[in-house]
1. Could you please let me know if A:E69 is away from chain D (no Cβ under 13 Å), touching a strand residue (DSSP E or B) at 6+ places or on another chain (Cβ under 6 Å) and not polar (S, T, N, Q)?
2. Quick check on my filter: what residues within region B:5-26 are surrounded by 20 or more Cβ atoms within 10 Å (Cβ to Cβ), hydrophobic (A, V, I, L, M, F, W, C) and in contact with a helix residue (DSSP H, G or I) (Cβ under 7 Å, 6 or more places away or on another chain)?
3. Pull up region D:212-221, narrow it to residues that are more than 10 Å from every other protein chain (Cβ to nearest Cβ) and not in a helix (DSSP H, G or I), then point me to the one that is nearest to D:G300 (Cα to Cα).
4. Given the criterion more than 9 Å from every other protein chain (Cβ to nearest Cβ) and at positive phi, identify the matching residue among D:G142, D:G114, D:G118.
5. All but one of (1) among the charged types (D, E, K, R); (2) under 30 Å from C:K18 (Cα atoms); (3) touching a Pro at 6+ places or on another chain (Cβ under 9 Å); (4) touching a residue at least 24 places away in the same chain (Cβ under 8 Å) hold for D:K208; state the number of the condition that does not hold.
6. Give the residue, chosen from A:L64, A:L108, A:L68, A:L156, that is in the same structural domain as A:Y194 (by TED's automatic domain parsing) and not β-branched (V, I, T).
7. Here is a check on your reading of the model: is C:T91 at pLDDT below 95, at the interface with chain D (Cβ under 9 Å from one of its Cβ atoms) and within 12 Å of the chain's Cα centre (by Cα)?
Amino acid sequence: MKKPKLRELGEAIRALIGGPYTTKFPFAPSPAAKRFRGIMVFHEEKCIGCGACVEVCPANARELIDDLEKKTRKLTHIQERCIYCGQCETYCKWEALEHTQEYDLAQLTKEGYTNYIEKELVTCELCGEVITTKDQLLWIAKKVGELAYSNPTLTLILTQELGITEKIPERGEFVPYRSGHLRLLCPKCRRSVYLNEIWGY
Amino acid sequence: MSRKFWALKKSPWVFHVSAASCNNCDIEILDALTPKFDLERFGIRKVGTPRHADALLVTGVINRKNISRVLRVYEQAAKPCIIIAVGTCACNTNMFEPSYNVVGPFDKHLPVSVYIPGCPPKPEAIIMGVVKALGSL
Amino acid sequence: MNELEKEIQDTFKGISIKRHSPKRVYIEIDKEGAHELARFLYEEKGCRLVTATGTDTRKGYEILYHFSMDKTGIIYSVRTVVPKDNPKIMTLASFLPATNWIEREIWELLGIEFEGHPNLKRLLTAEDFPEAYYPLRRGE
Amino acid sequence: MKTIIPVGPYHPLQAEPEFFKLEVEGEKVTGLEINIGYNHRGHEYLAQRKTYEQIIFLVERICGICSCSHPFASVNAVENLAGIEIPERAKYIRTIIGELERLHSHFLWVGLAGHFMGYNTLWMWFWRYREPILELFELITGNRNHYAMMKIGGVSKDIEDEDISSIQKTMNELEAKTVMFIKAILDDPVIAARLGGVGILTKEDAIKYGVLGPTARGSGVAIDVRKDDPYAAYDLVPWDIIVFEEGDLLAKAKVRLLECLESIKIIRGCLEQMRKGEIETKVEDIPPGEGIGRHEAPRGEVFHYVRSDGSNMPLRYKVRAPSYMNVPSNEVAVKGYDIADAILVLASVDPCYCCTERMATLYDGNKKLTGKDLLKLSWKKTEQLKKKFSHSENKLASLL
């Protein structure tokens, strides 16, 4: 009976000499580790609005809403729904999303948990469908290099961006023939424009 | 500030209600009571029955089977009683929203005072949440 | 094919043994034979029942009894199909108490009735859960 | 006269919360009815509506304590289905995460078991030394729990070189402490009297109920998926399986305590043998078919079955957590023991305890009993034993 007690006493003395194990928090800051996945921030200038983060999110904490009237794409992140798994950070090629080391999220109301960015959309001139965001088209154009000039949509966006054409000129009624193909068209409409040439209207 | 709130602020006793949670937030709450974080420094104690509690720490989502039990625990708690929703499940239904057995997050059924999102929130975040809840009184 | 599989092939009729990977074996058998095969694997060969899976498929409700042979680390999955218009099968709970909860769960989530089960009542869902609503069936 | 004491309801550890109805005659427990479902969230239903990548995060949230076991079994199942081989380094990293988790889970259990016995020092000790493991997790994976480490075809994060030294430092520190605690616990006559010979689960019953993990190994059933069906790096590093024949609570506690040392051994072996290299293989697509994945979680074997039709979502996803098999065995283990022991027996399979002390108020004829009362009963018994041992020269103490 004596020996075990001594052992436990040793532990107690060691704890006494070693000082308190308890943190000073909240009177002293307690920073999280370097890899900690905390509150998420958007880097708007890096984001191209592709929506990959929305696809991979397991918790439906991200929303993608296309506003056709305002021609904007709204990418929302709902902090209170986020499970801090880091999937969107991993899959974002542009490093537009980042988990910070901040963890204090407590609030008295649910307001303020949502943050969003808006991106300019490009829509089809014929059917009005969403093509994608302007930033993504520019990124594709940059990626394919000179081949961008083989696709009228990319060419138009690129020349506009470079300031060669200030504005896409007003044109008359749409003609579904080759003369009408130099417009911003969604893939489906572009197909029908080209096929009309061959098989007729 | 009424005397009742003054007393509550000095040493809030909490009761831990776990609905359908994954147990992680529960463990982090318990962790906040152990040597590293030691909530008893602030007079916060975990009690064994809702009748003694000033605050309810709720975790998890509410499902069809435990809703009656959760509501009964809230009825038993002495008022005024603040409800602190710990974790993403309690604040919102996390990824369980489409499930057939889940009837919603806590604020749909009970008046929640403070939300602490996180999956799970760090014990530090829980401490900050409790501090904010007491500061709001 | 190892010795045990050969023995099963010889003892039981109308079965097909498929080896998916070295340690995962699937045995297909009819409804009546499944009970006997489960008894054979558990009582004579000392396999441990891991769990049973019920699935809604085109052919009918499929039940997989997963048996684990811990000496070799092989999992034998006994597959049997229950018709959709009459979802009934013999219970294993009569000789294997471990299936008690498993069968109750399949009954309440997939709607397969286990004949002879000692305590077939709701396990996971509440008493006020809608009757005849089976979440794991397709199209529900 | 028969009295029924309801204990419960919530029990929030895994997918299985419990509501116990103890049938007692006098002080002796004669029967037990278990009612679960207070924690049912419908994971299998939800999994059919998620992609394979998302399912890992869904099953991670089945249980918070073994939060890498379910993803581990899940990736094993999908890799079995698609026939994917993962790189060597990923195997070691998976093993390290799995064993660190076992370590913190067993520490948690021993601490809480101490709390139930009224030995609160033990609780604080173990939870104090559990903290460095959680800090390690935050360092390696980026979160204290829910690590998000597993990925089909490998792991999502690498272990950096500077982290390896901190893991080794923590392991050295923990090993010394664990050895000390094991001696302190096994030497203690009160603990021995409280746990020894209580809640015996015989080998026959263990096989009949199909119990798993430390519950089975405490009853002499030597099953361990890590040895029987090796996966990840468990067949590449040396370690031993711990089995005790007695089947009582002490045997289960011993299994868990000694497994902590084995875990440290495995982690050390992995760190030594780990070489630089790839941490994931590229997964092309998931073919139609079915797959089974297993992992030895701290509580026993986790079993995942997945069936695919070739799309990015599974046709059927089955999850079997270890407590699902362990908890029903309480029906036989608790019979014939005191009410004061019942709480320990129910806790011995390592379901969840944080709930036991906040069980709702219960009615029992004229008497009212709460979970707190049960705990007090348990503490009272320990106090009595302590007195008994301090008054008389006992044989146990002289043996040590």
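The values are calculated or read from the model by the stated rules, or taken from the named source; none is laboratory data. Everything numeric here is computed off the predicted structure, so don't read it as measured data. In this analysis, Cβ positions are derived from the backbone assuming ideal geometry, glycine residues included, and neighbour counts consider all displayed protein chains.
1. No: the conditions fail for A:E69.
2. Hits for region B:5-26 are B:F15, B:V17, B:A19.
3. Among residues in region D:212-221 that are more than 10 Å from every other protein chain (Cβ to nearest Cβ) and not in a helix (DSSP H, G or I), the one nearest to D:G300 (Cα to Cα) is D:G218.
4. D:G118
5. (4)
6. From the options A:L64, A:L108, A:L68, A:L156, the qualifying one is A:L156.
7. no
Quick grid of which residues meet (1) closer than 28 Å to D:P132 by Cα; (2) part of a loop (DSSP other than H, G, I, E, B); (3) away from chain D (no Cβ under 13 Å):
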| residue | (1), (2), (3) |
| --- | --- |
| B:V14 | yes, no, no |
| B:C22 | yes, yes, no |
| B:L33 | yes, yes, no |
| B:R41 | yes, no, yes |
| B:G48 | no, yes, no |
| B:R51 | no, no, no |
| B:R69 | no, no, no |
| B:R72 | no, no, no |
